[in-house]
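Novice: Could you have a look at this structure, given as structure tokens, before my questions?
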Amino acid sequence: AISLSTTHAFSVTPAFQPRTTTRTRTTLYSTETDAAAAAAPNYADASRYTTPHPSNNVPPHIAALVGRGLHTQANHPIGIIRSKIQEYFATMPETYELFDAEDPIVTTTQCFDDLRLPPSHPGRSPSDTYYLDDTTLLRTHTSAHQSQHLRDGYDAFLCAGDVYRRDEIDSSHYPAFHQLEGVKLFPPISVKNADGKTGEEWMASNECSNIAANLKNVLEGLMDHLFGEGIEKRWAEDYFPFTEPSFEMEIKFEGEWLEVLGCGVIHSEVLAMAERGDRRGWAFGLGLERLAMILFGIPDIRLFWTEDERFTSQFQAGKITKFEPYSKYPPVFKDIAFWLP
């Protein structure tokens, strides 16, 4: 899957309850409005995830992470990066809807089938994914919400959230992390000459080339916004089941080439399953931790989840500041009195 994300952040407490967006379409969860906050599920309730079902493999320490809402915290590095990405997309001619507080419990249809991930795909294995039962799981990517948003009629949107994959823990891998995805559909008139084209015929069309060029231009602008104009970039072809063609972007940062995102032109089958088969567009996805580690100089992904004030006090909304290392041991405060003759 793709490592497939004006700020609307809000203060998050241990009893984090996302806010709902009231629309004429299907109700979705977002921090864009304050409406009906009490009606939203309490995502921080660990009992939602540790069910007695025999297929449940969500351990208590993972269930305890759900609902922390790091990506919505204005003074947290993850929230700061998310805010800067939203800031950039606010300058686009299209209006991008924001979805950043949706239920992390999704179905296998949403997470896999709608994105052309076959039953044999390793990402569907219980060794890779946290299942609540045979058909529901903790989302493994924010793309799990893409088809629903498309089905509900949205043409341009950003979707950010916490995602979960069973992984070995080290300085760059953790079973809980954050992604941000972007999607844009093009007006039917702009791709009319490609109606009915699929596969190689579609990828060889001028319309597909134009969408890919627009995608790359938008994402290169995003990297300039985050890292400064002139940051060196390069593109490589890639493969994702839900985009065709697919690409990855790398940037040259402090002398080293670093992969920062995956993207592509949305596969025609994905659009058809989302009841948008008459449209064409692009999608991208990126890891917020990945960008935050680069920009803030944070050496260990596990630090994002700490509540130690020596970490949290270093960051301020809207500002990129280099992380100052501190001892792995808790601070010790001693009251020492001296008697002087």
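Novice: Please give the FRET efficiency for residue 133 paired with residue 170, using the beta carbon to beta carbon distance and R0 = 35 Å, rounded to the nearest 0.05.
Specialist: Numbers: r = 30 Å, r/R0 = 0.85.
My answer for the efficiency is 0.70.
Novice: Give 184/233; 252/328; 184/322; 84/192 a once-over and call out the pairs whose C-alpha atoms are over 29 Å from each other.
Specialist: Values: 184/233 22 Å; 252/328 31 Å; 184/322 33 Å; 84/192 34 Å.
The answer is 252/328; 184/322; 84/192.
Novice: Of the peptides 49-55, 166-172, how do they stack up when ordered by the mean number of other Cβ atoms within 10 Å, highest first? Please list the in-between numbers first.
Specialist: On the way: 49-55: 13.6, 166-172: 11.6.
Output ranking for 49-55, 166-172: 49-55, 166-172.
Novice: For residue 267, list long-range residues whose amide hydrogen, built 1.01 Å from N in the peptide plane, is under 5 Å from its own amide hydrogen.
Specialist: Here 243, 244 satisfy the definition.
Novice: Taking the solvent-accessible surface of protein heavy atoms with a 1.4 Å probe, what is the per residue accessible area of the chain in Å²? Walk me through the numbers on the way to the answer.
Specialist: Working: 15790 Å² over 341 residues.
Result: 46 Å² per residue.
Novice: Roughly to the nearest percent, how much of the accessible area of the stretch 138-196 is carbon and sulfur, given a 1.4 Å probe? List each step's numbers first, then the result.
Specialist: Numbers: 930 of 1970 Å².
Here carbon and sulfur together make up 47 percent of the probe-accessible area.
Novice: Over the stretch 204-341, with every protein chain in place, what whole percent of the accessible area is carbon and sulfur at 1.4 Å, could you tell me? Working shown, then result.
Specialist: Values: 3720 of 7480 Å².
Answer for the stretch 204-341 is 50 percent, counting heavy atoms of protein chains only.
Novice: Now, a different point. Would you list, by chain and number, the aspartates and glutamates whose Cα falls below 19 Å from the Cα of residue 319, excluding same-chain residues fewer than 8 positions away?
Specialist: 87, 224, 229, 289, 309
Novice: Rank by packing, highest mean first: peptides 69-78, 283-292, with packing defined as the count of other Cβ atoms within 10 Å averaged across residues. Don't jump to the answer; show the numbers that get you there.
Specialist: Numbers: 69-78: 23.1, 283-292: 25.4.
The most tightly packed comes first, giving 283-292, 69-78.
Novice: Could you give the length gained by full extension between residue 259 and residue 239, i.e. 0.36 nm per residue of separation minus their alpha carbon distance, to one decimal place? All intermediate terms of the calculation are to be shown ahead of the outcome.
Specialist: Numbers: separation 20, 0.36 × 20 = 7.20 nm, distance 1.45 nm.
Value of the extension gain: 5.7 nm.
Novice: With the contact rule set at Cα under 8 Å and sequence spacing of 6 or more, what percent relative contact order holds for the stretch 159-297? Please list the in-between numbers first.
Specialist: Values: 209 pairs, mean separation 36.0, N = 139.
Computed value for the stretch 159-297: 26 percent relative contact order.
Novice: How large is Rg/Rh for the stretch 241-322, to two decimals, with Cα atoms and a Kirkwood Rh?
Specialist: Numbers: Rg = 17.8 Å, Rh = 15.5 Å.
Using Cα coordinates only, the ratio equals 1.15.
Novice: Gap in Å between the Cα centre of the stretch 235-303 and the Cα centre of the stretch 140-209?
Specialist: Answer, in whole Å: 9.
Novice: Run the Debye formula on the Cα coordinates of the stretch 129-186, all scatterers equal and no solvent, and tell me log10 I(q)/I(0) at q = 0.12, 0.13, 0.16 1/Å.
Specialist: -0.36, -0.42, -0.59
The values are calculated or read from the model by the stated rules, or taken from the named source; none is laboratory data. Model, not experiment: these values are computed from the prediction. Cβ coordinates were reconstructed from backbone atoms using ideal geometry, including for glycine residues, and neighbour counts include every protein chain displayed. Heads up: the accessible areas ignore ligands, DNA and RNA and are worked out on the full protein's heavy atoms, side chains in. Shrake-Rupley method; radii C 1.70, N 1.55, O 1.52, S 1.80 Å.
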